[in-house]
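The values are calculated or read from the model by the stated rules, or taken from the named source; none is laboratory data. What you are looking at is a predicted structure, and each value in this text was computed from that prediction instead of being measured. Here the Cβ positions follow ideal geometry from the backbone for every residue, glycine too, while neighbour counts run over all protein chains shown.
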Amino acid sequence: MPERENMAEIKKLGVIGAGQMGNGIAQVAAVSGLDVVMTDISQEAVDRGLSTIKRSLDKLVQKEQLSADLREAALSRIATALSIDAVADCDLVVEAASENLALKLSIFAQLDAACAPGAILATNTSSISITRIAAATKRPEQVIGMHFMNPVPLMKLVEIIRGLATDDATYEATRAMAVQMGKTCVLAQDHPGFLVNRVLMPYINEAAYTLMEGIGSVQDIDEAMKLGTNVPMGPLTLADFIGLDTCLAIMEVLNDGLGDTKYRPCPLLRKYVDAGWLGRKSGRGFYNYNKT
């Protein structure tokens, strides 16, 4: 079992959640040489996550960005399980479940009970307070935010967020692991939205207001921002890629945590989520992806 003084090097990583973020984290970790245990609540979810990893690695091999031998080695390092107890001997565990506070608090209480005393518990939350999540454990000094960007295998950034009690050893070990995974780290303070989403989500939210008020069409808003600000993707396309439910959840965290009306979620964004128009993952959001 990991001991506190040996946490400078992470060798075995647990990932809670085999969805889009979780399987991406597992893939990058395994390619970097870490042993990985990826868990989820159903065999179907785990199998789907592992299939996604295999397809992603296959594409890298086809593009000659990864050798076939390294693909096989990476896959051999990934174990799957349906129980949180399976990550008990991991040096660091990353939770990559839905952006839901109650769910995260429940997971962290279970991780605290299951994991060795020296293990670091990280969350991939994109907006929820690290300090609040850490309070669900008896080891708040070993809880940290590790916010990967989507898609994890392609995006270089990891936001690292220290909670009120996070100690230096936890931060240094987490940062070292992220660097080993080929990521560039930025340190954010534990405030709603951290760095990326504090800036990004109001931008997306304002684009939704611009659409709601009839100032421009979906296509014209995206084209204007792509060509006018030299970004690769317009805000409404990006929102569909992220998931409108996730965008709404983050805006609600910003609104509740900061209390400024400029963070009020756009009613159109909320209406789309109520309708089940969540973006690419549901087939419809600001764009309709079901068209043939």
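Data for the structure
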read-out: Residue match in region 105-112 (condition: touching a residue at least 40 places away in the same chain (Cβ under 8 Å) and touching an Asp or Glu at 6+ places or on another chain (Cβ under 6 Å)); value: yes
read-out: Selection from region 32-57 of residues that are touching a residue at least 60 places away in the same chain (Cβ under 8 Å) and in a helix (DSSP H, G or I); value: S56
read-out: Number of positions in region 182-216 that are among the charged types (D, E, K, R) and in contact with a strand residue (DSSP E or B) (Cβ under 9 Å, 6 or more places away or on another chain); value: 3
read-out: Flag for V94 being in a strand (DSSP E or B) and in contact with a Ser or Thr (Cβ under 8 Å, 6 or more places away or on another chain); value: yes
read-out: Contacts under 9 angstrom Cβ, first residue in region 218-235 being outside any helix (DSSP H, G or I), partner of a type in the set (G, A, S) and modelled with pLDDT of 95 or more, 6 or more apart; value: G234/A207; G234/A224
read-out: Any hit, region 179-198, residues being among the β-branched types (V, I, T), surrounded by 21 or more Cβ atoms within 10 Å (Cβ to Cβ) and not in a helix (DSSP H, G or I); value: no
read-out: Some residue of region 255-262 being buried (at least 21 other Cβ atoms within 10 Å of the Cβ), at negative phi and out of contact with any strand residue (DSSP E or B) (no Cβ under 7 Å at 6 or more places or on another chain); value: no
read-out: Positions within region 135-152 being crowded, with 21+ Cβ neighbours inside 10 Å and in a loop (DSSP other than H, G, I, E, B), in sequence order; value: V152
read-out: Residue among L101, L82 that alone is of a type in the set (A, V, I, L, M, F, W, C), modelled with pLDDT under 95 and surrounded by fewer than 21 Cβ atoms within 10 Å (Cβ to Cβ); value: L101
